[in-house]
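Below: the structure, in structure tokens.
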Amino acid sequence: MLLACAVLPPAQGQTDTLPNPLPNTTPGDPARGRAIVANLQLGTCLLCHTAPISEEPFQGNLAPNLAGTGSRWTVPQLRLRVADSARINPGTIMPSYHRVSGLARVAPAQQGKPLLSAQQIEDVVAYLATLRNPS
């Protein structure tokens, strides 16, 4: 049921955002979000992205660098990019971390389960929002 709220069509004029926090969540915690981004088994973000996480030496370069994401996108834009990036770019290789239907090649044990919980999405978004370009 959480997912149904997360993948509703965007509001009029809001084509690249998920404007409201996901249901049944508290405000995102940037420290928890950073831990998820850094965790190669949970978030898997650093398999494709580089981020300002110096303790993790092996980071990807397939996707955009996460440094400065808080300057490039608003919180609602970040939320949609993490929860269901395919709504912005149907050809993306980035996983839809919160969508559970309409996916291809999903392991049987993972079917019907989001990769990240609604709270984890909010935490990751809170962390990404802190990554601002220096003034």
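Could you check region 96-114 and list, in sequence order, the residues that are touching a residue at least 24 places away in the same chain (Cβ under 8 Å) and more than 9 Å from the chain's Cα centre (by Cα)? Correct list: Arg99, Val100, Ser101, Pro114. From the list Thr69, Thr25, the lone residue that is farther than 19 Å from Pro114 by Cβ, touching a helix residue (DSSP H, G or I) at 6+ places or on another chain (Cβ under 6 Å) and among the polar types (S, T, N, Q) is Thr69. On the stretch given as region 97-135, residues that are hydrophobic (A, V, I, L, M, F, W, C) and either at pLDDT 90 or above or open to solvent by less than 10 Å² (accessible area, probe 1.4 Å) (or both) total 10. Can you list the helices (runs of 4 or more DSSP H) found entirely within region 28-96 that contain at least 1 residues being buried (at least 17 other Cβ atoms within 10 Å of the Cβ) and touching a Pro at 6+ places or on another chain (Cβ under 8 Å)? Output list reads 75-84.
From the set of residues in region 3-26 that are exposed (fewer than 11 other Cβ atoms within 10 Å of the Cβ) and in a loop (DSSP other than H, G, I, E, B), which is modelled with the highest pLDDT? Don't jump to the end; show me each part of the working.
First, pick out the residues of region 3-26 that are exposed (fewer than 11 other Cβ atoms within 10 Å of the Cβ): 4, 8-9, 12-13, 26.
Keeping just the survivors that are in a loop (DSSP other than H, G, I, E, B) gives 8-9, 12-13, 26.
Values: Leu8: 40, Pro9: 44, Gln12: 43, Gly13: 48, Thr26: 96.
In this case the residue turns out to be Thr26.
Against the condition within 20 Å of Asn133 (Cα to Cα), touching a Phe, Trp or Tyr at 6+ places or on another chain (Cβ under 9 Å) and free of Cβ contacts under 8 Å to residues at least 24 places away in the same chain, how does Leu46 come out, does it pass?
The answer is yes for Leu46.
The values are calculated or read from the model by the stated rules, or taken from the named source; none is laboratory data. In this text, all values refer to a predicted model and were calculated from it rather than measured experimentally. Please note: Cβ atoms are built from the backbone with ideal geometry, for glycine as well, and neighbour counts cover all protein chains shown. Accessible surface areas use protein heavy atoms only, side chains included; no ligands, DNA or RNA. Shrake-Rupley method; radii C 1.70, N 1.55, O 1.52, S 1.80 Å.
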